[in-house]
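For reference, the structure discussed in these notes is given below.
The values are calculated or read from the model by the stated rules, or taken from the named source; none is laboratory data. Keep in mind it's a predicted model, so treat the numbers as computed, not measured. Neighbour counts run over all protein chains shown; Cβ positions are idealised from the backbone, glycine included.
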Amino acid sequence: MKKVEFKRAGLTVSNICLGTMMYGTQVPEKDAFEQLDIFLDLGGNFIDTSNNYAHWWPGASGDESETLLGKWLSEKKCRDKVVIATKVGFDRHGEGAGLSAKQIEYWCDESLRKLKTDYIDLYYAHTDDMNTPIEETMEAFDRLVKKGKVRSIGASNFYTWRMCEAKHVAANRSLADYTVNQACYTYLPAKGGYVPRHEFNLDAGTERLRYLAQNDIPLVPYSCLAKGGYDDLSRLPVQYETGKRLDTLLYYAKELGLSPSALVIAWLIAQDRLPDRPLTVPLFSSSRTEHLKENFLMSDYILDDEILKNLTYAKN
Ligand SMILES: NC(=O)c1ccc[n+]([C@@H]2O[C@H](COP(=O)([O-])OP(=O)(O)OC[C@H]3O[C@@H](n4cnc5c(N)ncnc54)[C@H](OP(=O)(O)O)[C@@H]3O)[C@@H](O)[C@H]2O)c1
């Protein structure tokens, strides 16, 4: 599996990130361990979790994913071989919301405990908190970096202008800065006028992509397989346009003998070959190991230049 450099974060990661949101809830431990083993064996190292996955699952607390990963890491004894990204800031059963210093410090220690490790490679602000001064948030993250509990920080579900503000605060005070962006992003654009349930769920648009590219901030797009909607259109979330752009994807998938999901992964990996597009590391998950095996193979796939352009600039 190919590796890429997150230079500003000082991390070397596989060009594919494995999502573990449903580990320990929808995906039972045996299957999750199998998926993790396969990923590691193939050379994958970039694993995504959060302090609140998956608290919305019936009967779940939100500790399930991190706890399962901690068990796997200690049984497998492979902490030094993987890059663990986790997050803070979302509500979990009425606790944990926000990016105050208190929340960040408390949940970092909780994540370290559950993951059975003494450092987090990439610690994301899971969502913005406009009620806490940015200075307080950035100083809290910086203290974690200085203590060695966190190697780098990232921002997820942030407006671009808020990333800029955080960047200025960090630069003025010589603090750690967000070096990676995790955002909802896939091949299909959201319908014009679509209002998402959470405002931050808006897809990263061209303005965002350009900002990231120019500031050397990699994009880790989540829900990049549109929840399985490319291979089963009945699962496509309502916000996505289903016009000629989708037809173009389906046409090339058939031509190349790939599943549409696999082609989306190849397209995302190839983004930084285009002007004004950031280094992009797709983040996805599956409850079915055969789907994941197919997806992992896309790490080394080189998408033809012409097809890359035709897919990228296909109109609806
Ligand atoms: N930062 C955030 O706010 C945020 C939000 C959401 C998610 N995330 C992260 O992103 C990860 C993935 O997100 P997601 O689950 O929302 O979206 P996703 O990866 O776009 O969609 C997952 C679905 O795609 C299907 N799939 C995967 N490979 C496939 C293939 N080759 N063929 C057909 N279907 C395929 C899977 O269905 P099957 O199960 O049937 O295979 C799975 O249910 C999460 O685990 C989490 O780590 C972050």
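Numbers at a glance
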quantity	calculated
Top-ranked residue in the range 12-37 [being in contact (Cβ under 8 Å) with a residue 60 or more places away in the chain and in a helix (DSSP H, G or I); ranked as nearest to the chain's Cα centre (by Cα)]	GLN35
Flag for ILE265 being under 17 Å from LEU219 (Cα atoms), within 11 Å of the ligand (Cβ to nearest atom) and buried (at least 19 other Cβ atoms within 10 Å of the Cβ)	yes
LEU175 vs. criteria under 29 Å from ALA262 (Cα atoms) and either more than 14 Å from the ligand (Cβ to nearest atom) or surrounded by 17 or more Cβ atoms within 10 Å (Cβ to Cβ) (or both)	no
Residue that is surrounded by the fewest Cβ atoms within 10 Å (Cβ to Cβ) [pool: residues in the range 218-240 that are small (Gly, Ala, Ser) and more than 7 Å from the ligand (Cβ to nearest atom)]	SER234
Per-region count, the range 73-103, residues more than 18 Å from the chain's Cα centre (by Cα), among the small types (Gly, Ala, Ser) and under 19 Å from TYR124 (Cβ atoms)	5
Single condition LEU268 does not satisfy, out of (1) touching a strand residue (DSSP E or B) at 6+ places or on another chain (Cβ under 7 Å); (2) more than 21 Å from ASP305 (Cβ to Cβ); (3) in a helix (DSSP H, G or I); (4) among the aliphatic types (A, V, I, L, M)	(2)
Any hit, the range 172-193, residues being in a helix (DSSP H, G or I) and more than 16 Å from GLY89 (Cβ to Cβ)	yes
Selected residue (only one of LEU73, LEU68, LEU122 is outside any helix (DSSP H, G or I), among the aliphatic types (A, V, I, L, M) and under 24 Å from VAL27 (Cα atoms))	LEU122
Hey, TYR106 surrounded by 14 or more Cβ atoms within 10 Å (Cβ to Cβ), touching an Asp or Glu at 6+ places or on another chain (Cβ under 8 Å) and over 12 Å from ALA125 (Cα atoms) or not	no
Condition check for GLU135: modelled with pLDDT of 95 or more, over 20 Å from LEU292 (Cβ atoms) and surrounded by fewer than 20 Cβ atoms within 10 Å (Cβ to Cβ)	yes
